[in-house]
Amino acid sequence: MAVTLDVEQGEGAEPGRPAGVSSGLPVNPIATAVHLRPRRIEGAAEHFAATDPHLDVTARFPRLARLAKHRRFQFMLILPNQLIFWIVIFVGIMGATNPGRNFATAITWYIWFCLVFVLMVAVGRGWCAMCPFGGFGEWIQRRTFWRRTTKRLGLGWKLPESWAGHGLLISLGVFVGLTWIEEFFNIAGPGTPAATSIMVIGIVASALLVFMLFERRTFCRYICPLSSLIGTVGAMGSVAGFRTRDRQQCLSCPTKDCMRGGEEGYGCPWYTWPGSADSNLLCGICSECYKACPYDNVGLFVQKPLTSVVAPVRRRYDVAIAVLVLWGLVIFQQVNALNWYASLDGWLNRATGMAYPNPIDYIGIIALVAAATAGVVALIRVIGGGARRSTAPDAAGGSTVASKGGLRAWLMPVSYGLIPVVGADYLARQLPKFFKHAPRVVSAVAGPFGFHPGLYNTRLAGNGAIVAVQVGVMALGTVVALWTMWKTVGRDVLAGGLGTRPAVVRIAATGLVLACGIAAAVLYVAMHAAS
Amino acid sequence: MTVMERETTGLMERPHVEVIQERCAGCEECVVRCPAEALAIDPSNWVALADDSLCVGCRQCVRTCPFSAITVEGPVLVDPPLPHGHYRPTAVLGDTSETRLGFTSWDAAVAEAERCLSCPDPTCVRGCPAHNDIPAFVAAVARRDLASAHDIIRRTSVLPDICSRVCDQRVQCEGACTWSLAGGAPVAIGALERFICDNAEIPGVEPKGSAGEGLDVCVIGAGPAGMAAAWELMAAGAKVTLFDKDEEPLGVLRWGIPSYTLPDAVAWRPWHALEAAGAVLNAGSPVDPAQVDGLLERHDAVVLATGAPEPLVLRVPGAELDGVEDATSFLTRAKSALGAGESLDDVGPSSTVLVLGAGNTAMDVARSVLRLGGQAICIDWMNERFALVRPDELAEAREEGVEARFNRSLLEIKGEAGQVKEAVLVDPEQPEPGVQPRVLSSQTERIAVDRVVMAMGYRPDASLLAAELGGSLATRRFDLARVPDRSWLASGIMAAPSIGGRAGVGQLALGREQAYMASAWSPRARLWAVGDALCGPSTVVEAMAQGRRAAQAVIAAQPKRPGHRSGGMAGYRRVLVAYDSRGGNTRKAAETVAQRLGHRGPAVDVLPITSVGPDELASADLLVLGTWTDGMIVGGMAPAPSTVKWMTDLPRLAGKDVAVFCTYAVNAGRAPARLAAAMGSTGANVVADGSVSRWSVEQQAARFAGEVIDAVEKAGSPMAGYPASGSVGVAKAPSAAGAS
């Protein structure tokens, strides 16, 4: 008797056939001629140990596993949002001109934008899994709603390496630009509903264009205005994304169907390999790798909150820059509600013949805040004894992502440590609109049908309560950031041997967190729930 | 100046490798395949790092990176190829000397062999239809080990001396050479193979074990595919009887390839070896469809290797005139005349022969015409850029004096007194490859010709294929994308650029692989088809590889003609238990069934259906298929959709014994019967269908295995005694209450 079961795929196995199984025919002559160089497997376990999540929800909950295996999984996530998105476009142009009574404005700015921030803080890239912009482009690109086909529409170019090397920075630039446009045209504040529609049309058209030009989800990973924000703030989230169950098997996998595409799933649209993912930064939770893996070696994992902030060994400089710029941007959005900013902006506009927000103060304040924060990091480096010791060459060539010499070695862990403060600030910034105007969604939906439930002027909270919640959110974010800063600086700066004065470094770095948190909280008090 | 000399003098510009760290996932696909060891993993960041000083610019990393995270700029650091011999006759009249020659010295061969990078994942091996271990034999040449080099080639080829002469390496091994894929000059693999075969002692049919002893196999057709099958079978100890419609064996090797490309002495070598080993040839014995059943009764297996003997003809006015003939007829006459040092009465110094087609066959005809003293004009309606002819063949033909015109088509043949006198030509246009040329102009050209030879290619014997195979492979093709060997995608060969605007070398190779894999499959019980009979006109090396593979499949399957096989389970050598499991119950049931069946003797493989490919199916005497049950009781129960989808892509399972079961939670309903019916519709003999409750998997799976064994034992001889289709249900789904 000889019974052979399908066992783990080994490097020496005949390609396409699990080790230990023979068809009875002579050994595949191709397999005989293939002598791949040995893979580096040693060190992998240690490298990823801190970031490997342990709770595989697809293993724990078979129903969820079945759902995620289904090809319609992501389609069903996208479909409701896709419907709302088309309604927004239609109603924004054709519906009521009063933004408070128009579904487009109400759902987009009073509900959706707040929910996106809640989602990113809790889940990470949960929104990306259901995003109608990327979903629409992907449907067109794949020429199918959910099926696995090999047909493709579009040119399928690869993003040039000179662009790809900058990682999230293109997305960051688009976000900063789009925010300026949104402020300039007063799209969300509340502006006109048609402006919201036009903005949505603009985003979907841009997304579609990029999907037609480039392969996979190049738009989502590199260009989408929300990608840098969700990528950085989403690091706080508890969903680790789809990860390997057994890294050893992933490393020795001969086909890498999760990357190239398999029978049941496409290759990862986000250019992420479950075998080496060390954070939720670039997992779009689309489940393609889960479907594609022929060895059932991928699962959807959850992790402790903040794991993707503190644990990754490979810190990215583009993320560090994104954190600083996003911090500058959210501070701008707080400052612009204050009287002295209105005076400054008015003066600049008169001098330059422009309108709110004047690009000089817009970029200036963002740059000033980001540079000031970076300056504080430089100061911490000096007083922490790091300036003399920092001789590590920048080995990353032109890549923004991996640069790590000099000050950058300090900026990365400190910026990562600040993520909870930045995330809390963005969340707090959305709260006034939610508390003041969320009930208007009911009015906006009911109005066209002749119902007027009288909720138009209903608020979920008064100004005082809103400020209290905002300060509370900042306090929570600051406390959390104190812990993350302690961990990131402790591991990357101090244990990494970059600073010689541990106490000074820790006190200064956590002091930076406190300063940031307090500054944002004070600004919220001064804004008095302005939206 | 060689690369080494340029390196020493410091004149060499080196390639530069850029790893986009932002996108590099550290998967090591480039690291394990880099021939120059220029890539490694940086353990601190777990991304690839490149060392420019080691890079040779082959760009294998670029082709294999799943995320396009590597770019290479700069030169391909490969030495120019060494010229190998070429004989250019000053006067071609009557000259049958071989024109393409190999390396004439060890030094030249070694220098060429040293150009090989010995790639860890050699794309040339995938490009070779026989999958010769090219890096290994090239390395043996480099160390001047002729015996090893020859042994290595002989592991996968029985006609290397012939293939090295007639293969179009440009679209096979050399086209897939890493250097070639990078835009450089490939290693002269064909010339090296030929050098080995020209210098090594050519062996006879050497015994390779006794796995085929006791088998009596009939091979119909004694061309390359038939000879390769016979060789492999006889080497394993099988008794082989060959049939050929011609009075002599060799098929296309004898009549279709001129001596200046394939000398007779080389072409006849394999047949002489087979003859010496005891092969029996029934020459001049064409086999018609009605005789196949009789052959299957007298032999354990039949291998259909009838080739593509029917020439394609163009039906134009005047095609019936004297002086119009097909390529088969002309080449046979020309080869015979030239071999005897004679000439043909109808092709003399003043004759102009119009050859229809400008492919390789047409070039053979035209060059033979020149050797007989005539003038040859080849016309082809395709654009020259997309032409199928070997570029070197076309160049040689033109050099010898053949006039090859593309974008020309024959409109009419005009005659006088029943004899060809004139050809009327038109100019079609073909803007893109794969598009049928169209005649847009009414302008015609008239040329005086004495003979017209139709040399557009050949086709298989349609009547035999229709009767035995239900058509050629093209009409029976099952989607290999469903059961693929996905390592092809990882190797980088699929990133090869297109050739002449058509498919790339990777796509060509994967298409050949499809036919290669199908050759192990028996479309009818105990009958295998190979070569042109299986997949339409192809090449000598493909036919040879398929012949070997079919023979190996015959040996693995150990078919026995009626009355010569053990009955019951003892008759099975190999059982495949394939399952589609969602929550693990079906897998557990499959393993239990496998354990029980394994106790009765046969080797048992247990695989998920996603891992079941043609090889696994082909070599299994009994297929047990298990799946889960889908649907709600009120709406009816059915096998899992994924299993149904998998079954739709299956080839015909003619004669294959199959048992099916479904696992269920409450009630399997008609799911097992539906599964059985679906399998039956593929032509399989369904010996049992049953169901297994998820609440007592092991117990019920063991019961089902027992029912399978009982059914097989009761029927007596495996693969006989069951209906040709439909199901024989021996295990009924228990009621929900009973099962729970």
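Table: residues versus (1) in a helix (DSSP H, G or I); (2) within 28 Å of B:Leu372 (Cβ to Cβ).
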{"site": "B:Met234", "(1), (2)": "yes, no"}
{"site": "B:Ile257", "(1), (2)": "no, yes"}
{"site": "B:Ala267", "(1), (2)": "yes, yes"}
{"site": "B:Ala273", "(1), (2)": "yes, no"}
{"site": "B:Ala276", "(1), (2)": "yes, no"}
{"site": "B:Leu281", "(1), (2)": "no, no"}
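Per this entry, B:Glu432 is not counted among residues that are among the acidic types (Asp, Glu), touching a residue at least 24 places away in the same chain (Cβ under 8 Å) and surrounded by 15 or more Cβ atoms within 10 Å (Cβ to Cβ).
The residue that is farthest from B:Arg408 (Cα to Cα), among those in the stretch B:296-342 that are among the β-branched types (Val, Ile, Thr) and in contact with a Cys (Cβ under 8 Å, 6 or more places away or on another chain), is B:Val302.
Number of residues in the stretch B:181-211 that are more than 30 Å from B:Trp255 (Cβ to Cβ) and buried (at least 24 other Cβ atoms within 10 Å of the Cβ): the value is 3. Answer yes if at least one residue in the stretch B:450-461 is over 24 Å from B:Val252 (Cβ atoms), at pLDDT 85 or above and basic (Lys, Arg), and no otherwise. No, the stretch B:450-461 contains no residue that is over 24 Å from B:Val252 (Cβ atoms), at pLDDT 85 or above and basic (Lys, Arg).
Remark: pairs (first residue in the stretch B:160-187, under 18 Å from B:Ala139 (Cα atoms); second residue among the aliphatic types (A, V, I, L, M) and not in a helix (DSSP H, G or I); Cβ separation under 6 Å; 6+ apart in sequence or on different chains) = B:Cys177/B:Val187; B:Thr178/B:Leu117; B:Trp179/B:Val78. Looking only at residues of the stretch B:599-637 that are farther than 15 Å from B:Tyr579 by Cβ and away from chain A (no Cβ under 12 Å), we find that the one that is modelled with the highest pLDDT is B:Met637.
Quick grid of which residues meet (1) assigned by TED's automatic domain parsing to the domain that holds A:Gln82; (2) closer than 15 Å to A:Gly177 by Cβ; (3) among the β-branched types (Val, Ile, Thr):
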position	(1), (2), (3)
A:Ile203	yes, yes, yes
A:Phe211	yes, no, no
A:Glu215	yes, no, no
A:Thr218	yes, no, yes
A:Cys224	yes, yes, no
A:Ser227	yes, yes, no
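The residue that is nearest to the chain's Cα centre (by Cα), among those in the stretch B:142-174 that are surrounded by fewer than 24 Cβ atoms within 10 Å (Cβ to Cβ) and not in a helix (DSSP H, G or I), is B:Asp168. Only one of the numbered conditions (1) surrounded by fewer than 20 Cβ atoms within 10 Å (Cβ to Cβ); (2) modelled with pLDDT under 95 is violated by B:Gly251, and that is (1).
Residues in the stretch B:9-33 that are more than 7 Å from every other protein chain (Cβ to nearest Cβ) and farther than 21 Å from A:Ala45 by Cα: B:Thr9, B:Gly10, B:Leu11, B:Met12, B:Glu13, B:Arg14, B:Pro15, B:His16, B:Val17, B:Val19.
Considering B:Ser611, B:Ser519, the condition of being farther than 20 Å from B:Asp216 by Cβ and in contact with a strand residue (DSSP E or B) (Cβ under 8 Å, 6 or more places away or on another chain) is satisfied by B:Ser519 alone. Scanning the stretch B:302-348 for residues being part of a loop (DSSP other than H, G, I, E, B) and among the polar types (S, T, N, Q) gives a total of 2. Among the criteria (1) at pLDDT below 90; (2) within 14 Å of chain B (Cβ to nearest Cβ); (3) assigned to a helix (DSSP H, G or I), the one A:Gly100 does not fulfil is (2). Of everything listed in (1) part of a strand (DSSP E or B); (2) within 14 Å of another protein chain (Cβ to nearest Cβ); (3) over 21 Å from A:Pro62 (Cα atoms), the single unmet condition for B:Tyr579 is (3).
Residues considered: A:Arg381, A:Arg388. Of these, the only one that is part of a helix (DSSP H, G or I) and either at pLDDT below 95 or more than 25 Å from the chain's Cα centre (by Cα) (or both) is A:Arg381. Determine, yes or no, whether A:Ser443 is modelled with pLDDT under 90, small (Gly, Ala, Ser) and in contact with an Asp or Glu (Cβ under 6 Å, 6 or more places away or on another chain). When the stated conditions are applied, A:Ser443 does not pass them.
Please state which one of B:Pro120, B:Pro89, B:Pro81 is surrounded by fewer than 18 Cβ atoms within 10 Å (Cβ to Cβ), under 31 Å from the mean Cα position of the chain (by Cα), closer than 30 Å to B:Asp161 by Cα and in contact (Cβ under 8 Å) with a residue 40 or more places away in the chain. Sole residue among the options that is surrounded by fewer than 18 Cβ atoms within 10 Å (Cβ to Cβ), under 31 Å from the mean Cα position of the chain (by Cα), closer than 30 Å to B:Asp161 by Cα and in contact (Cβ under 8 Å) with a residue 40 or more places away in the chain: B:Pro81. Taking helices (runs of 4 or more DSSP H) as the structural unit, those lying wholly within the stretch B:59-129 and holding at least 1 residues that are more than 14 Å from chain A (Cβ to nearest Cβ) and at pLDDT 85 or above correspond to B:106-113. The selection criterion, being more than 14 Å from every other protein chain (Cβ to nearest Cβ), within 17 Å of the chain's Cα centre (by Cα) and either among the hydrophobic types (A, V, I, L, M, F, W, C) or closer than 20 Å to B:Ile499 by Cβ (or both), does not hold for B:Val187.
The values are calculated or read from the model by the stated rules, or taken from the named source; none is laboratory data. These numbers were taken from a predicted model, which means no experiment stands behind them. Backbone-built Cβ (ideal geometry, glycine too); neighbour counts: all protein chains shown.
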